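Everything below concerns the one structure shown next.
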Amino acid sequence: MPAKDKGHISITSSDQELVLSSLEPEQLAGLKKHLIPRRHLKGPEKFVMWSLRIYLLFMIVVVIYQVWAGLH
Amino acid sequence: MRQHVPRTPGKGTREPKNAAKEPLVNLGPLSKLKPQAARQEDVVITHEDVDRAHDRVRVSAARGQRGAFSKFRLLWLLVGPGILVMLGENDGPSMISYAATGARFGIGFFLPFVILTFCMAIVVQEMTMRLGSATHRGHAELIFDRFGPFWGWFSMIDLGIGNFLTLITEFIAIRAGLGFFGVPPWAAVGTALAFLCLAVMMHRYWTWERTLLAIAAFNLIFVPVALLTHPNWHSVGSALITWKPLPGGLSQDTLILVLADIGATVTPWMLFFQQSATVDKGLTTKDIHLGRIDTVVGAALAAIAAVATILATAPLFAHHMTAENFQGAEFAQALQPLIGRFGAALFALGIVEAGMVASVTISISSAYAFGEVTRRPHSLNLPVTQGKAFYSVLFLCAATAGAIVLIPGLPLVYVVLLVNVVAVLAMPPALVFLFMLANDREVMGDLVSPRWANILATGVVVFLTLAGLLFGISVIAPNLFVFLGGK
């Protein structure tokens, strides 16, 4: 087990072996800093996303109106 | 402390040119997308990795053994995110929505309808579990990386606002539930924050998960409360088969409860939470089958608790009693003449438990997303010294929400139900991101969603969008709503 010292945890060589043998490389916290390649949205996808965005904004206004009407 | 260790083929050595075409490891689909990362020569090992590795060793040991007990042990080791997300979503406002449904409509249409909403939740949450197991990335991280910060921030704003509003309602539920026992509001909020601190200060995902699972099991406390009301089982059976009656028809009030009940089972924070928890727990592609079982078991348990809550408050409808203010304590007090002090106390405790568990899961969902987007360490395996930002966001969200609940004279009527309505409205955009990611062959490899899952997911998006639109029509164009069959 890693030794604890003033809140810092030292990683022993057996820990290293354990991590490298039991975790998939993608699971290592250090490797998650690498970005996944970007995918640009196509026309129909952008249309759907913008439509739903407008839908959401519109419906939020409706809910705010509903709350206002309910309180008055 | 972080430690650099050389990874094959050895520090300082370069791989042959032809190695670029072959991933170093043949594991996740993402290795095809990230050859640089997969060929990384230096690997940073953290305390978070060590804890996760210990968990995975136990899983591997259980998987290597034969026999029914070993299979059960493997299932026991792998369940968690699915059950927690489903029971976590049976939160304060959700249970209050179900209680309002029972009191307003009794036994009828809403019993099978609530079960249907949990089926929708299974469809949606299975995709997040699959995404997390295949990519080892959280939902916010994937959206930001794959679709860019423009769409990523839209998604995060939806999540942040939704989570914060929901957190407020969790504290409303805790305050109302503990109020039944005479606990003053400040003490109720303080107790909830102390519980949150204790829950996350274990610095170990496994311990946190098991502790919260044990507490979340108390969500089933609504079952004995329902039994105390002696439900008419013939009516229950008839309602489940015929989806009737629906007293009063499809009015605007009915529609609000329809949306609130949908929002009680499918909400954006669930997508982010289950995927991040799946990653934090360390599930891999080998675990997807048991991850599905975890999700289905969670949905079944949550559906039982939800149906029990409707049954528990159904006598209020039968006895023509109403709880004017949709808060947990009022329901408990209204039930007291019918099921006694003990039954009413159980109901109030159930509301408190629902709020407590959800306040933890929703705060963690926000903290996970924050960590993923800002690329800061984000894991329940982190000591406080290594996860200052993660724990700060978690506590700041909860403490602010708790403080708001203490503002005197804050109008709480409608807020609890409307938070669930807002959650439903925010779901379609969130689901489209999930749908695209789960069908992204470059990210998911062969684990993309099958055709049947896509049909079901599309059905969920269309259903939620239409339900939201119908609500909008009922508010801004009541005549058109009547023309469409409403009342």
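The values are calculated or read from the model by the stated rules, or taken from the named source; none is laboratory data. Given the structure is predicted, the values throughout are model-derived calculations rather than measurements. Quick reminder, even Gly has a Cβ in these numbers, built from the backbone with ideal geometry, and neighbours come from all protein chains shown.
The requirement of being surrounded by 14 or more Cβ atoms within 10 Å (Cβ to Cβ), assigned to a loop (DSSP other than H, G, I, E, B) and facing chain B (nearest Cβ under 7 Å) is fulfilled nowhere in segment A:50-65; no residue meets it. Can you name the residue in segment B:442-454 that is more than 9 Å from chain A (Cβ to nearest Cβ) and in contact (Cβ under 8 Å) with a residue 40 or more places away in the chain and, of all such residues, is surrounded by the fewest Cβ atoms within 10 Å (Cβ to Cβ)? It comes out as B:Asp446. Can you tell me how many residues in segment B:64-118 are farther than 20 Å from B:Val357 by Cβ, in contact with a helix residue (DSSP H, G or I) (Cβ under 6 Å, 6 or more places away or on another chain) and not in a helix (DSSP H, G or I)? Adding up the residues that qualify gives 3. Condition (residue is surrounded by fewer than 20 Cβ atoms within 10 Å (Cβ to Cβ) and not in a helix (DSSP H, G or I)) applied to segment B:167-181: is it met by at least one residue? Checking segment B:167-181: at least one residue is surrounded by fewer than 20 Cβ atoms within 10 Å (Cβ to Cβ) and not in a helix (DSSP H, G or I). Filtered by the rule that a residue be over 19 Å from B:Leu394 (Cα atoms), small (Gly, Ala, Ser) and surrounded by fewer than 21 Cβ atoms within 10 Å (Cβ to Cβ), segment B:183-225 gives B:Ala187, B:Ala214, B:Ala217. Restricting attention to segment A:34-44, the residues that are more than 7 Å from every other protein chain (Cβ to nearest Cβ) and either in a helix (DSSP H, G or I) or surrounded by 14 or more Cβ atoms within 10 Å (Cβ to Cβ) (or both) total 2.
For segment B:323-362, taking the residues that are in contact with a helix residue (DSSP H, G or I) (Cβ under 6 Å, 6 or more places away or on another chain) and not in a helix (DSSP H, G or I), the one that is modelled with the lowest pLDDT is identified as B:Phe326.
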